[in-house]
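Notes follow the structure.
Rule-based calculations on the coordinates, nothing more; no lab input. Owing to the predicted nature of the structure, the values given are computational and were not obtained by experimental measurement. Neighbour counts run over all protein chains shown; Cβ positions are idealised from the backbone, glycine included.
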């Protein structure tokens, strides 16, 4: 449904451009400046629609989150983001060149025309500022750049995308031919812009603020589960009011913000225990400044939340059979998911990837829970090199370990590398439905 709606928006944009004389301008004289201008307008319109759609996708609208899941929405957001960026650049080049006198030096003419349009056309200065913000977001979203940045710094820069969209749109709303061509066009574009802006305000600001105030979450206790030979863990129990009204299930995640220094930086974490009417539990490896902050929290600290997010829960199941595949601290959301499923997990299979099972986080708790629920545990120990971890090798192993894998829900959680590898292997093995969600874009 979401895909269909996005395509319908694009087709309607094409229709509005056609109605405004876009096709006729191209056919009359394909080599003319008007033809360049018309093609530039079309690319700008498509880029505008793509920008607004991606804002809608990442506005955390509950119906979209539930229908597609966080990973799918993130993937669509990323594709639309890069596509709209390159369309904007092409739009700028074509529209400016359409005004350049090519009998003079084209490069000088382009710069002079661009400067003139920026300062003298309504809304163009804002559009240039918005494009600069989008360029900054795109450059820092490239894997090589992103891997060298702390998540919270990258996330803060990424928020400038909203500013970029807000600044890039008005010049088209005020002066664009396709925007002003008819009352229908104006209603469509203003409606799409208002829907996008309104969704961000409601679902990223007002709703999280309301939920945080309503449930009044605070840190109840902090502990450090000891796992000899493993990296240190921190377990935080949060206490609140009427959490059963939150519609949260084991396996889902929240964006947590803790009062005090760093409150502006969201920390995405999955639940590590089945939520109750009064408590939520999160557990993380103490690794880097984000999770180190968890270890320094004090009881009574106010907690602000966004969520719950994701389709990594029992209500997303399509089949009776279930398999869990986890590595490292990825076992935490698997634990909360199994606890939430209860008897539904009976007969399931848990594949636990661990270099040394004795250092696997919460292994004693895993043993107790799986014995209680009747879940079969298969440990994949040793190094990746020793086990020749490749999608083809893993897919064969999954096919042998998981009975009737073609009619099984497979939940995968762990490091990004492991999740990519295990997801590829499970897909190759013909798994019925694969549930694997990351927190990044």
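May I ask you to derive the relative contact order of the range 314-435, considering only C-alpha pairs under 8 Å and at least 6 residues apart, and to give it as an integer percent?
Relative contact order here is 33 percent.
What FRET efficiency do you get for residue 66 and residue 379 if R0 is 41 Å and r is their Cβ-Cβ distance, rounded to the nearest 0.05?
Efficiency, rounded to the nearest 0.05: 0.75.
Take the alpha carbon gyration tensor of the range 208-329, find the square roots of its eigenvalues, order them as a ≥ b ≥ c, and report rounded if a/c is under 1.5; if not, report prolate when a/b exceeds b/c, else oblate.
Taking the square roots of the gyration eigenvalues as a ≥ b ≥ c, the range 208-329 is oblate.
Determine, for 366, 2, the number of other Cβ atoms within 10 Å of each Cβ, and report the residues in order from fewest to most.
With the sparsest Cβ surroundings first, the list reads 2, 366.
Going by Cα centres, the range 208-263 and the range 38-83 are how many Å apart?
Between the Cα centre of the range 208-263 and that of the range 38-83, the gap is 30 Å.
Could you tell me the relative contact order of the chain? Use alpha-carbon pairs under 8 Å, at least six residues apart, and round to a whole percent.
With pairs under 8 Å counted, the relative contact order is 13 percent.
Hey, can you rank 294-300, 397-403 by average C-beta count inside 10 Å, highest first?
Those peptides, ordered most packed to least, come out 397-403, 294-300.
Sum -39500 (n - 2.57) across every DSSP H segment of at least 4 residues in the chain, then divide by the residue count to get the 222 nm mean residue ellipticity, nearest 500.
That comes out to -16000 deg cm²/dmol.
Please rank 376, 143, 242, fewest neighbouring Cβ atoms within 10 Å first, as an exposure proxy.
Fewest-to-most Cβ neighbours within 10 Å comes out as 143, 242, 376.
Just one of (1) 70, 55, 41; (2) 83, 45, 38; (3) 79, 49, 38 is Cα extents along the principal axes in Å calculated from these coordinates, so which is it?
Read-out from the structure maps to (3).
Using only Cα atoms, locate the centre of the range 408-431 and the centre of the range 1-15, then give the distance between them in Å, rounded to an integer.
The two parts, judged by their Cα centres, are 32 Å apart.
For the Cα atoms of the chain, what angle does the longest principal axis make with the long axis of helix 183-200, in degrees from 0 to 90, nearest 10?
Compared with the principal axis, the helix lies near 30 degrees.
Hey, what did the range 226-375 get for relative contact order, percent, Cα under 8 Å, at least 6 apart?
28
Please determine, in degrees from 0 to 90 and to the nearest 10, the orientation of helix 124-141 with respect to the longest principal axis defined by the Cα atoms of the chain, where the helix direction is its Cα long axis.
30
Could you calculate the contour length gain from residue 223 to residue 112, that is, 0.36 nm times the residue separation minus the distance between their Cα atoms, to one decimal place in nm?
Gain in length upon complete extension: 33.6 nm.
Can you give the angle from 0 to 90° between the axis of helix 106-120 and the longest principal axis of the chain, with both taken from C-alpha atoms, to the nearest 10?
The angle comes out near 80 degrees.
Taking the beta-carbon count within 10 Å as an exposure proxy, list 343, 437, 220 from fewest neighbours to most.
Placing the least packed residue first, the sequence is 343, 220, 437.
Counting only DSSP beta bridges with both residues in the chain, tell me the antiparallel percent, nearest 5.
The antiparallel fraction comes to roughly 55 percent.
Given points 7 Å out from each Cα along the Cα-Cβ axis, report the residue 428 to residue 142 separation in nanometres with one decimal.
For residue 428 paired with residue 142, the spin-label model returns 3.1 nm.
If you wrap the range 314-435's Cα atoms in a convex hull and average its projection over all directions, what's the area in nm²?
Across all orientations, the range 314-435 yields a mean hull projection of 6.4 nm².
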